[in-house]
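Undergrad: Here it is: the structure, laid out below.
Coordinate-derived values only; no laboratory data. As the structure is a prediction and not an experimental result, all values here were calculated from the model. Reconstructed Cβ throughout: ideal geometry from the backbone, glycine too, with neighbour counts over all protein chains shown.
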Amino acid sequence: MNKLKATRDAYGDALLELGALRDDILVLDADLSRSTRTEWFRECYPDRFINVGIAEQNLVGMAAGLAMAGFIPFATTYAIFVGRAYDQIRQAVAFGQANVKIVATHAGLAASHDGGSHQGNEDLALMRVLPGMTILSPADYHEAKQAVFAAASHPGPVYLRLQKEPVPIVTAPAQPFQIGRAQILRHGRDVALIATGSLLCQALEAAAKLANEGIESEVINVSTIKPLDVTTISGAIERCGCGVIIEEHSCIGGLYEAVAGAISARIPCRLASIGMADQFGSTGDWQELQAKFGLSSQTIAEIARQLVGVSNPPISG
Amino acid sequence: MDDFNQNSLKTTACAIRRLIIESIYKAQTGHAGPSLSLVEVLTALYFRHLKLRPSDPDDPTRDRLILSKGHAAPVLYATLAQAGFFPVEWLDSLRKLGSPLQGHPNVGLVPGIEASTGSLGQGISISLGLAIGLRRRQLPSRVYCIVGDGELQEGQNWEAMMATAAFKVNNLTVIVDRNGLQNDGATETIMPLGDLSAKVESFGWNTVEINGHDFNQIDQALSAVKINDRPTMIIAHTIKGKGISFMEGIVKWHHHPISSEEYQHAMAELE
């Protein structure tokens, strides 16, 4: 596989570049700057960095106020703590249409050894129901870096979901990142593998396995969860007749339900979900946890085979 | 403040009270009690202290007021209308379908409304971010945030108070509407605040306690904050429902429709 890099590192690096380009960028953190990589920005631009302390509600409220004064605040914490400031995000940021960027690292199972209490598998659901919230979920270092720049240029609230652990680089650095645009990374006619974030690389691995068995997958990278690129996604699913939706997030309220909700009225198809079942995470290595909860290329391939295998189910009486 | 200025503010305050009663009566819904307790404070702010021009509500150099206790929207709407931010007739549409005047303030629809508030506890954080931002922009603007005493039960206020002191923000003033009542009863019975001044001062704030219906005391406190080098909390002791005899100090008037008879009585008292 390609070189491994974490998307949180992309955030740290992108902020350094953004800080040099624009003086209206402010970075806020709730005392996790070493882990979220905002520490790198703090070291370079100490007067544009604010540690609000362990206080996520104030983090978001202050960010809304700073946006009202014309700044572009990046309010940063772990995905799990986003829920802690949900009402503030709802009222002060989304309802108030504040130009705030909320950046959440350690999404999904990535806070692995911290245990289930720290694993944020609900954040996409929380953010999706907020009107006007743009939700970005980049898959690798290159894409995450571009997503940070795109978020800064996009007027209005943005939620950016990032990972702790290094993942393979699967997108091309030259590929332009556009909010609201999904990318077809592999063409196929048998099954659509629709993936976001950390599991895109697993989807590509699964596609390679399936190809050896004669099953051709179309692999789609959904790096904007909202607004969803319904055209690209429904096109792939329509071509294949079935799709597997893959995310390191609860099966409830995330990409699976976003896709199902958007296309069910348009095209007849069969969809399967790879994500956290309706349960909390646990402790262990990230990869061990991914395997335990079925978030792996093996499971993706298995589900895809089942979908393809039952593409013409017998009519039951 | 001389008698002329004080009498002029009193006349304005009376007009604002009439607008509050009228708009809530016409809506048959709304928070009269927590609006009436703030009339003198808002009158002193909008007609004497805030640097604002109703003809240019987006002037970047303006002072900002954030009404964290957003349920008191009727007093803010009435004051803004009285000050000329929008036509007084808008008040007749309070809380009605299609009106810009929702039950709680929301930004973008009404000239003079700075923030969407009413989910309690958020105003100081927003004001703090705004105050820091304005100072970074080297603007002379000051930020005033009005919170209720019951609202201080929300923990976010305390996060924001600590941060305001830590970041040495002195262009932010918080005014507490200390009327002693909340939705379900007496604030000190439901969740005692204890010695609020001592608590807040221990974080590094200045505090001052005033009679929130006395224009001289309000005026002195608001003048003092402009020269303080620390953030100030003005604890304004007020009476919920102030100015309407049958509403004063009565819990139910936190949020209650006004009958036709009550409306007549109230307006007669405000002549």
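Undergrad: On average over all directions, what projected area in square nanometres does the protein assembly as shown have, based on the convex hull of its Cα atoms? Kindly include the intermediate steps, with their values, before the conclusion.
TA: Working: hull surface 122.5 nm².
With the hull built on Cα positions only, its mean projection is 30.6 nm².
Undergrad: Considering only DSSP states other than H, G, I, E and B, which trypsin sites (Lys or Arg not before Pro) in the stretch A:128-199 qualify as loop sites with at most 14 other Cβ atoms within 10 Å?
TA: On the way: sites: A:128, A:145, A:161, A:164, A:181, A:186, A:189; in loops: A:164, A:181, A:189.
Passing sites in the stretch A:128-199 are A:189.
Undergrad: Among B:14, A:251, rank each residue by its count of other Cβ atoms within 10 Å, from fewest to most, as a rough exposure measure.
TA: Going from least to most buried by this count: B:14, A:251.
Undergrad: Contour minus end-to-end for residue B:59 and residue B:138, with contour as 0.36 nm per residue of separation and end-to-end as the Cα-Cα distance?
TA: Gain in length upon complete extension: 27.0 nm.
Undergrad: Sticking with this structure for a sec: So which aspartates and glutamates pass the test for residue A:3, namely a Cα distance under 12 Å, with those fewer than 8 places away in the same chain ruled out?
TA: A:140
Undergrad: Can you tell me the 0 to 90 degree angle between the C-alpha axis of helix A:297-309 and the longest principal axis of chain A, rounded to 10?
TA: 40
Undergrad: Treating the angle as unsigned and between 0 and 90°, give the value, to the nearest 10°, between the Cα long axis of helix A:230-240 and the longest Cα principal axis of chain A.
TA: 20
Undergrad: Once the Cα gyration tensor of chain B is found, what semi-axes does its equivalent ellipsoid get, as square roots of 5 times the eigenvalues, in whole Å, sorted largest first?
TA: Working: eigenvalues 148, 89, 64 Å².
In descending order, the three semi-axes are 27, 21, 18 Å.
Undergrad: Local charge sum around residue B:150 (other residues, Cβ-Cβ under 13 Å, Lys/Arg +1, Asp/Glu -1)?
TA: Numbers: positive: B:69, B:178, B:240; negative: B:149, B:151, B:154, B:177, B:184, B:188.
Here the charged neighbours net out to -3.
Undergrad: With each pseudo-label sitting 7 Å past Cα toward Cβ, what's the residue B:255-residue A:212 distance in nm, one decimal?
TA: Between residue B:255 and residue A:212, the label points sit 6.3 nm apart.
Undergrad: Say the dipole of the stretch B:59-129 comes from +1 at the beta carbon of Lys and Arg and -1 at that of Asp and Glu; which of B:115, B:103, B:90 then lies farthest toward its positive end?
TA: B:103
Undergrad: On to the next question. Do the alpha carbons of any pairs in A:101/A:145; B:199/B:242; A:209/A:292 sit beyond 22 Å of each other, and which pairs?
TA: Distance filter (> 22 Å) returns B:199/B:242.
Undergrad: Now for a different question. How high is the FRET efficiency from residue B:271 to residue B:89, r the C-beta distance, R0 25 Å, rounded to 0.05?
TA: The computed FRET efficiency comes out at 0.70.
Undergrad: Taking a ≥ b ≥ c as the square roots of the Cα gyration tensor eigenvalues, with a/c under 1.5 meaning rounded and otherwise prolate when a/b beats b/c, else oblate, which class fits the stretch A:110-194?
TA: Values: a/c = 1.45, a/b = 1.15, b/c = 1.26.
Since a/c stays below 1.5, the shape of the stretch A:110-194 is classed as rounded.
Undergrad: Using alpha carbons only, how many degrees (0 to 90, rounded to 10) separate the axis of helix B:123-136 from the longest principal axis of chain B?
TA: 50
Undergrad: Once you list every other residue whose beta carbon is under 11 Å from the beta carbon of residue B:181, what net charge do they have if Lys and Arg are +1 and Asp and Glu are -1?
TA: Neighbour charge sum, excluding residue B:181 itself: -2.
Undergrad: Here is a follow-up. To make sure I understand, if each residue's beta carbon is the centre and we count other beta carbons within 10 Å, what order do A:217, A:264 fall in, fewest to most?
TA: A:264, A:217
Undergrad: Can you tell me the dipole magnitude for the protein assembly as shown around its Cα centre, using point charges on the Cβ only (Lys, Arg +1; Asp, Glu -1), in Debye to the nearest 20?
TA: It works out to roughly 960 debye.
Undergrad: To the nearest 20 Debye, how big is the dipole of chain A about its Cα centre, given +1 on the beta carbon of each Lys and Arg and -1 on that of each Asp and Glu?
TA: 500
Undergrad: Suppose each label sits 7 Å from its Cα in the direction of the beta carbon; what would the residue B:228-residue B:248 distance come out to in nanometres?
TA: Here the modelled spin labels are 2.8 nm apart.
Undergrad: Residues with beta-carbon under 15 Å from that of residue B:207, excluding residue B:207: net charge, scoring Lys, Arg +1 and Asp, Glu -1?
TA: Numbers: positive: B:178, B:199, B:230; negative: B:149, B:177, B:195, B:201, B:209, B:229.
For residues surrounding residue B:207, the net value is -3.
Undergrad: Determine which aspartates and glutamates satisfy two conditions relative to residue B:10: a Cα distance under 20 Å, and not lying fewer than 8 residues away in the same chain.
TA: By straight Cα distance, residue B:10 reaches B:2, B:22, B:40, B:177, B:214, B:219, B:248, B:269, B:271.
Undergrad: Arranged by the count of other C-beta atoms within 10 angstrom, fewest first, what order do B:47, A:49 take?
TA: The order, fewest Cβ neighbours first, is B:47, A:49.
Undergrad: If you don't mind, there's one more thing I want to ask. Given the rule -39500 (n - 2.57) for each run of at least 4 DSSP H residues, summed and divided by the residues of chain A, what is its mean residue ellipticity at 222 nm, to the nearest 500 deg cm²/dmol? Each step should come with its number before you reach the end.
TA: Values: 12 runs with 115 residues, N = 317.
Taking each H run of at least 4 residues, the total per residue is -10500 deg cm²/dmol.
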